[in-house]
Structures are given as structure tokens and as C-alpha cells.
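Notes for the one structure printed next.
The values are calculated or read from the model by the stated rules, or taken from the named source; none is laboratory data. Keep in mind it's a predicted model, so treat the numbers as computed, not measured. Counting neighbours? That spans all protein chains shown, and the Cβs are built from the backbone with ideal geometry, glycine included. Surface accessibility is based on the protein's heavy atoms, side chains included, excluding ligands, DNA and RNA. Shrake-Rupley method; radii C 1.70, N 1.55, O 1.52, S 1.80 Å.
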Amino acid sequence: MTDTPLKLFNSLTRELEEFIPVHPGEARVYSCGPTVYNYQHIGNMRAYVFADTLGRTLRWKGYKLTHVVNITDVGHLTSDADEGEDKMERMAAKEGKSAWDIARFYQDDFERDLGRLNVQPKQHPRATEYVEAMIAWGTKIAPEHCYELDSGLYFDVSTVADYGRLARAVTEEGAEESRGRIDTVEGKRNAADFAIWRKTPAGETRQMEWDSPWGKGAPGWHLECSVMGEKLLGFPFDIHTGGIDHREIHHPNEIAQNQAFCGCGGLDEATHSGAKIWMHNNFLVERSGKMSKSSGEFLRLQLLVDKGYHPLAYRMMCLQAHYRSELEFSWEGLGAALTRLKRIERAYSRLLDQFEEKHSNESLPYPRYREYTVEEQLTHFGLLNIARQFSFALSDDLNTPEAIKFFEEALRAKRVPLDEQITLVRSMRYALGLPRLTPERFRLSPTGAMIRPSKVNEALKERKLAKEQGDYQFADQIREALEAVGVEVMDGDPLGWEWKL
Ligand code: AMP
Ligand code: ZN
């Protein structure tokens, strides 16, 4: 493990804290996952890029990582505070499909987007697979902490100490504010009480419903995360993450359930919450409202791809901002991130070319993450220094904007041992989740593209040959033919890109 201690901002204490694992050498992380009733927008994806950056940093620091991102395929209502319809059932009715099919379809799409953003594989438990465990949980906490109404089994938030501390809703002002957002259900004891089981109304049938001691129905959304976290990671685990909206309702409710389950006291002792550290990424915002899933063309990763931006340009855009800052989306910003990525690729190709020139028969040096820290694999003082600063930036509450600068510095370094430089750069790429992109992999075929990249390359080879033979007329014809199918030929592009769609 590297020498710089990892410091993370704990939303529960509102302080920067040193990461000290519950189980030595291990890190166990739970990140609230998507509700799979629709495509994810790129704001949602920011939450998973953040979670992945956290996971990669923990790995860079040498911890063995267990990371869970759940799939909410039942129970999330149109309002976070247990009002409205079930998002899954509503979409199923709208699309005329079964809720199960809807869930499967959007989970697949979500996982494809994760892959395109180079998010490392994680465990993706589905809520519907844990209903039995949720009923067992409910049965355990109900006698002391819950009460039944016609609509379901409700958690009485006054039965646990420090309810709402995470949201800082304990102030009068905060309480007022949350009352405004929480719709009242007839008979609730406290405005903030929430359903852990929602009964199917008499005379109705839901597509997703189970028998329980409280009647046929479905589990509440907050219960899912408590149960999957406990089952897969054990209490207390190390870190729980989610978007900043979850700091207000979802996570305080999870915490209350966890306290009830453990029979724990107040939250001065953070582990009573179920996790040691609670982390929240700030939002990606967009002025014209294209982030809302109810607007027609909302900002999905696929839309970026369709416009010719590689998904990793979006990852880069996220990394350029600190996860706790709001990030404003703009196409210009995305374009700038793409250009930065291209520059990085250009510098990296040069390094590889140099290596090949010198050591034509050797394979590239590969960082040995498991046996040694990156720093132990470096002898050159300049490189070691850059590695330390990079590590320091990541350890400072995942300061990725700074870390990228040191990554670029490592790429630029001159008169340093090439094998060490490549080792360092490759390990930094791994930590940031920015894999190598050759122009072939970088370039995209937007949906609606009229020509395949291989065909473009063939045509350009022919054009080059024509030029070499002095047949400029034919060369121009090829260019025009390409333009007619939407290919822009970029002669002399400083970044080495010959064409784009
Ligand atoms: P949901 O599917 O609504 O439960 O959201 C999935 C994740 O995305 C949660 O962690 C949310 O907090 C997060 N999230 C939602 N909107 C945004 C946004 N605009 N920017 C960043 N994260 C978001
Ligand atoms: Zn959750």
C-alpha cells in the first residue's frame, strides 16, 4: 500500500476522514444503482463513474475490492418519499410489456453504457432476487420499529436515534423543508415515516407482488439497499455511495433501517449507520432540461455517440471536475474533453513508438499492481516524484482534476527511462480508467452512418496512392465521394486524425 493515507469526505460527519478499512487490506463498497424503468441519462452515469473512480483508487492503493451496485427492478415510486406509482409498473403499462421484460432490457442497456465508460465490472444484485430476505428483515424490525396502515408497513422514524442526521434535517428549517417534499399518507405518525412494504390495494393485481406477513405487495425501495448491503457486504461495511439527492431521503431511511436491524444506538458512532463512510457525488446539470427523462430527447450516452463523441470523452469530462462539485454539461465542454483525450493518445503513441524503436523485440513493460506499488517499480527520481503527486491527488478525496495533470506530466517527461515511464503511465491509465484508444477504437460509427470505418480507410489508402502518383483529380473524386456519405477528410490534422464522420 502506498504511503499517502487515503482521505475521503464523509457526508455523515461532513468531514474529511482517513480511510481505515473494517477488514484489513480489504475495501467493501455499496453504490446505489439504477432504477431500470428507462434508459439512464448521463447524469446518472456520473454517479457510476464516480463510484468507479473510488473503486479504482482503492485498488491503486492496494486494497482488495468488493463493490456492489444494485439494480432496482421493483419498488421505486415516482417520488423518493413513497408517493406516486411504481416506476417499473408504470413504464410496463406504458410500453405494453411485462415489468420483468422492462427491467431486463434497461439493465442490459445500463451495463452496456458502463462498459462503454470503462467502468470495471461490479456485482449487480437485483432487488427482486432479495425479496425473501427483505421480508425476513421486515419481520425482525417490525415489532419495535414499524406500524401497519391500509397501504402498507411503515417505519416509525422516531424509534431510532438521530434520524435524518445525514440530511441535516434535524434543524427546524430542514424539517420544514422536508415536510414540504414529503406527501402525507393518512395515518402516518411522522411526516418522514416511510413504507418498507407496500400492500397491493384490494381488488388490484400488480405484475410484481409477493406474499408477506403484511399481505400481498412489494418491498419499499429503501429496504432493498439496506438488505442487499447487509447480505453482500456485512455490517458495517466500508463505504456507501450515491448521488447527492440520496443524502436527503433515501440514505437517511436506509440508515434508520440499519440502526433498527442492528439494535444500534445513535450516529455519533458512524458504524451504527451500517457503513463507516457515506459519500455523495454532486449533480451533472444541464440548462435546457435535456437531463429529464420525461423530456423527449434526453441526454443518454447513446446521444453523445450519435453525435460522434466517444463515451470516454464523457468519462474525461467527469474526471475533470471534482466529484463534489456540480458539473455543467455543454457540448463545448465535451468537445474540449475529447480533444484532451486525443492529445493524450497522441503523446502515448509517441512513447510506444520510441519504445518499439529501441526494443523492437520486447513486449511493453507492464505494471505489476499486485506484487508491488507503482512507486516501488520506479527508480528515476523525476518519475517517482510525479507518481507521488498523482497518488497524493487521488488520496485527497479523489482529486481527479489534479491527478489528470500529473498523468499528462508523466506522458510529457523527457530524458527518463522509457520502460519506467511506460510503467507509470500505464498504471495511471488504469487508476483513471482511461484505456488506450487507437484512432480505430476511438472513432465511432454513429447510428445512421452511411459507411463503415474499414471502407473509409480503404478509400483513403487509394486516395493516398493517387496523390503519390500525381493523379489529383482522382484523389479529389475520392474525397468528394466520401463527403457525400458524411465523411470529413482532415488532411494535416495536428492530432493525426485523418477523418471523422
Ligand atoms: P436513480 O435511477 O434515479 O435511482 O438514479 C441513479 C443514480 O444517479 C443515483 O445515485 C442518483 O443520485 C444519481 N443521479 C441522478 N441524477 C443525477 C445527476 N443529474 N447527476 C449526477 N448523479 C445523478
Ligand atoms: Zn440505494
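Can you tell me the 0 to 90 degree angle between the C-alpha axis of helix 331-358 and the longest principal axis of the chain, rounded to 10? Approximately 50 degrees, to the nearest 10. For region 202-260, the list of GluC sites (Glu not before Pro) that fall in a loop by DSSP and count at most 16 other C-beta atoms within 10 angstrom reads Glu204. Towards the positive end of the charge dipole of the chain, with charges on Cβ (+1 Lys, Arg; -1 Asp, Glu), say which of Thr400, Thr205, Ile20 has the farthest Cα. Positive-most Cα among the choices belongs to Thr400.
Quick check on the chain: helices-only [θ] at 222 nm, where DSSP H runs of length 4 and up contribute -39,500 (n - 2.57) each and the sum goes over total residues. Nearest 500, please. Could you put the intermediate results ahead of the total?
On the way: 16 runs with 216 residues, N = 501.
-14000 deg cm²/dmol, from helical runs alone.
Ranking Trp210, Trp100, Trp221 by solvent-accessible area of protein heavy atoms (1.4 Å probe, all protein chains present), from largest to smallest, gives Trp100, Trp210, Trp221. Amide hydrogen proximity for Leu65: with H placed 1.01 Å from N in the peptide plane, the residues at 5 or more positions away or on another chain lying under 5 Å are Ala27. Both numbers refer to the Cα atoms of region 199-301; Rg and Dmax are 17.6, 47 Å.
Cysteines of the chain lacking any other cysteine Cβ under 4.7 Å from their own Cβ: Cys32, Cys146, Cys225, Cys318. Placing +1 on the Cβ of every Lys and Arg and -1 on the Cβ of every Asp and Glu, with no other charges, gives region 7-291 a dipole of roughly 1060 debye about its Cα centre.
Return the carbon/sulfur percentage of the accessible area of region 307-432, one whole number, probe 1.4 Å, all protein chains in place. Don't skip to the answer; put the middle values down first.
Values: 2750 of 6090 Å².
Of the solvent-accessible surface of region 307-432, carbon and sulfur hold 45 percent.
For the chain, the alpha carbon convex hull comes to 162 Å³ per residue, rounded to a whole number. Return the Rg/Rh ratio of region 1-85 with Cα-based radii and a Kirkwood Rh. Ratio of gyration radius to Kirkwood radius for region 1-85: 1.05. With respect to the chain, whose longest principal axis is taken over its alpha-carbon atoms, helix 221-233 is tilted by about 70°. Taking the DSSP bridge list for the chain and keeping only pairs wholly inside it, about 50 percent are antiparallel.
Rank by packing, highest mean first: peptides 275-287, 27-39, with packing defined as the count of other Cβ atoms within 10 Å averaged across residues. Intermediate results must be reported in sequence, preceding the final value.
On the way: 275-287: 20.8, 27-39: 24.7.
In descending order of packing, they fall as 27-39, 275-287.
Fully extending the segment from Ala202 to Arg324 would add 39.4 nm, taking 0.36 nm per residue of separation and subtracting the current Cα-Cα distance. Each of Leu327, Asn385, Met428 was scored by the projection of its Cα onto the charge dipole of region 307-432, and the greatest displacement toward the positive side belongs to Leu327; charges sit on the C-beta of Lys, Arg, Asp and Glu.
May I ask which of Lys140/Lys216; Lys199/Lys290; Lys97/Lys199 have a Cα-Cα span longer than 25 Å here?
Listed pairs above 25 Å: Lys199/Lys290.
Distance from the alpha carbon centroid of region 224-276 to that of region 279-343 works out to 30 angstrom. Each peptide in 132-141, 456-465, 159-168 was scored by the mean count of other Cβ atoms within 10 Å over its residues; highest first, the order is 159-168, 132-141, 456-465.
Surface exposure of region 61-157, expressed per residue as accessible area with a 1.4 Å probe, stands at 42 Å².
Each of Pro125, Ile255, Pro219 was placed along the dipole of the chain (beta-carbon charges, centred on the mean Cα), and the one lying farthest toward the positive end is Pro125. Compute the angle between helix 99-116 and the longest alpha-carbon principal axis of the chain, please, reported from 0 to 90 degrees and rounded to the nearest 10. Between helix and principal axis, roughly 40 degrees.
For the pair region 105-159 and region 345-406, the centres of their Cα atoms are 40 angstrom apart. For region 307-432, the per residue solvent-accessible surface stands at 48 Å², with DNA, RNA and ligands left out and a 1.4 Å probe.
For Lys405, the lysines whose Cα comes closer than 21 Å to its Cα, not counting residues fewer than 8 places off in the same chain, are Lys7, Lys61, Lys342, Lys414. Dipole magnitude for the chain: about 1500 debye, using +1 per Lys or Arg Cβ and -1 per Asp or Glu Cβ, origin at the Cα centre.
Assign one of three labels to region 7-140, namely rounded, prolate or oblate, based on the Cα gyration tensor with a ≥ b ≥ c the square roots of its eigenvalues; rounded applies when a/c is under 1.5, prolate when it is not and a/b is larger than b/c, and oblate otherwise. In terms of gyration-tensor shape, prolate.
When a/c reaches 1.5 or more, the comparison of a/b and b/c decides; with that in mind, is region 307-432 rounded, prolate or oblate per its Cα gyration tensor?
On the way: a/c = 2.39, a/b = 1.44, b/c = 1.66.
Note, shape of region 307-432 comes out oblate.
Using a 1.4 angstrom probe on heavy atoms only, work out the carbon and sulfur share of the accessible area of region 32-122 in %. Let's see the in-between values first.
On the way: 1410 of 2930 Å².
Accessible surface attributable to carbon and sulfur in region 32-122 totals 48 percent.
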